[in-house]
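What follows is a short report on a single structure.
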Amino acid sequence: MSDQPVAGSGLAAAMAIVAPRRFGTLVTHGATEWPSAVPCVYAVIPSRRDDGAAIVIALDDKAKSVPVYDLARVRNVLARGAAMLMVSDETEDWDRLAWTRVRGPAGILEPGAEGHAAAIAALRDKYPQYASHDLEHAPLIRIQPDHGRSWSASGDPVDPLAERRPSDLTSIVRGRRSVRAFRPDPVPDDAIRRAITAAGWAPSPHGTQPWRFVVLQSRERRAELAEAMSTTWRAQLALDSADPQEIERRVENSRDRLVTPAVLVLLCRYLGDAHLYPDPDRAAAEADMATQSLGAAAQNFLLSIYADGLDAGWMCAPLFCPELIVETLGLDPSLEPHAFFPVGYAARDPRRRPRRDPGELIAAWL
Ligand SMILES: Cc1cc2nc3c(=O)[nH]c(=O)nc-3n(C[C@H](O)[C@H](O)[C@H](O)COP(=O)(O)O)c2cc1C
């Protein structure tokens, strides 16, 4: 491991790494005997003084054993007027260890002060969990970084696009989200292979693994596919809306969703290894089981993509024109297209849909 800062270090590169990530460590010292280092969530917002970006960290009272003004980090910031934020990649694969830290003048932003409301909006936008927290009546820590530094064990610049994701199951399950707007940047082939490998570990009827994946990297092929599918889209949209402009807008939107992401993955049902039964009931159940198993494979795929710092969406469009897709892509006719997964780097954090209380989901516990 070299101890050199990687190429591209410096404030702008460091902030590009820090901004999309979700967890960091806030380090302060000054008023208290010991330095204070606390895990935190944060948002990056444009600076009020037009000199770059600022970092804001909430200090809501929830679950705090001392009033916010007695917290070591608040006392330190008030005493020293400076703070540091560090993000890091911690993994047993030491070749992938990396950290980035930014530091600079810091202060406490009081409720009602200029920028307080915008900071809360940015925090809530990034972390839907904050929707139910009373941030309005609590101060915030605001850092104006003027130094940034990155380090990676490999010596490669830390990829600012790949958001480092937590590795515990609960965080991955809750963090996975359906992304509908992507940046066009390419994604590593390995991440797609890892996701398809993860899909392969899903439960399946008799272990038949009745799913096949088609990886569509070529944007030309996807544009052709979108063109072929647009007839179906127009016909279906005409049933919902009489407004031709609205129909064209939505067709264009669907086309973008197929073409813009780095990769589009098509999930197909494959019944070539399905068990054959003489009676229609068991034959139908076998096909249903394969479809259920597609959901399990899809979830493994999506969780792996998310854990790798990428995002994916789910589009049911193939269900409405499977033969057209097989024909346009020249696929084996035994493949039954079921879903598209656009994969890439999220253009922005999507809005999440609220979840039902588990009590509502348990129909009976007998
Ligand atoms: C079978 C299935 C089909 C879906 N089809 C679409 C779709 O066509 N377009 C879309 O935007 N999202 C689609 N979704 C994604 C859901 O809208 C999304 O999972 C849901 O709103 C929950 O949001 P989350 O995935 O961010 O947690 C589909 C999800 C499933 C399971």
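May I ask you to verify whether Pro322 is more than 14 Å from the ligand (Cβ to nearest atom) and over 26 Å from Thr260 (Cα atoms)? Criteria not met by Pro322. Taken as a whole, the structure places Ile108 among residues that are farther than 30 Å from Leu267 by Cα, outside the structural domain of Asn300 (by TED's automatic domain parsing) and not in a helix (DSSP H, G or I). Residues in region 163-170: is at least one closer than 18 Å to Ala19 by Cα and either at pLDDT 90 or above or within 16 Å of the ligand (Cβ to nearest atom) (or both)? Within region 163-170, one or more residues are closer than 18 Å to Ala19 by Cα and either at pLDDT 90 or above or within 16 Å of the ligand (Cβ to nearest atom) (or both). Gly200: small (Gly, Ala, Ser) and at pLDDT 95 or above, yes or no? Judged against the criteria, Gly200 is a match.
Scanning region 313-334 for residues being small (Gly, Ala, Ser) and exposed (fewer than 12 other Cβ atoms within 10 Å of the Cβ) gives a total of 1. Residues that are over 27 Å from Asp185 (Cα atoms), exposed (fewer than 12 other Cβ atoms within 10 Å of the Cβ) and more than 10 Å from the ligand (Cβ to nearest atom): does region 335-353 have at least one? There is no residue in region 335-353 that is over 27 Å from Asp185 (Cα atoms), exposed (fewer than 12 other Cβ atoms within 10 Å of the Cβ) and more than 10 Å from the ligand (Cβ to nearest atom). Looking across region 266-307, just one residue is free of Cβ contacts under 8 Å to residues at least 24 places away in the same chain and in contact with a strand residue (DSSP E or B) (Cβ under 9 Å, 6 or more places away or on another chain), and that is Ala287. Taken over region 282-312, the criterion of being within 12 Å of the ligand (Cβ to nearest atom) and of a type in the set (D, E, K, R) is satisfied by Asp311 alone. The residue that is nearest to the chain's Cα centre (by Cα), counting only those in region 34-76 that are at pLDDT 85 or above, part of a loop (DSSP other than H, G, I, E, B) and over 23 Å from Ser150 (Cβ atoms), is Leu59. Residues that are in contact with a Lys or Arg (Cβ under 9 Å, 6 or more places away or on another chain) and among the acidic types (Asp, Glu) occur at least once in region 348-359.
The values are calculated or read from the model by the stated rules, or taken from the named source; none is laboratory data. These numbers were taken from a predicted model, which means no experiment stands behind them. Note that each Cβ is placed from the backbone with ideal geometry, even for glycine, and that neighbours are counted across all protein chains shown.
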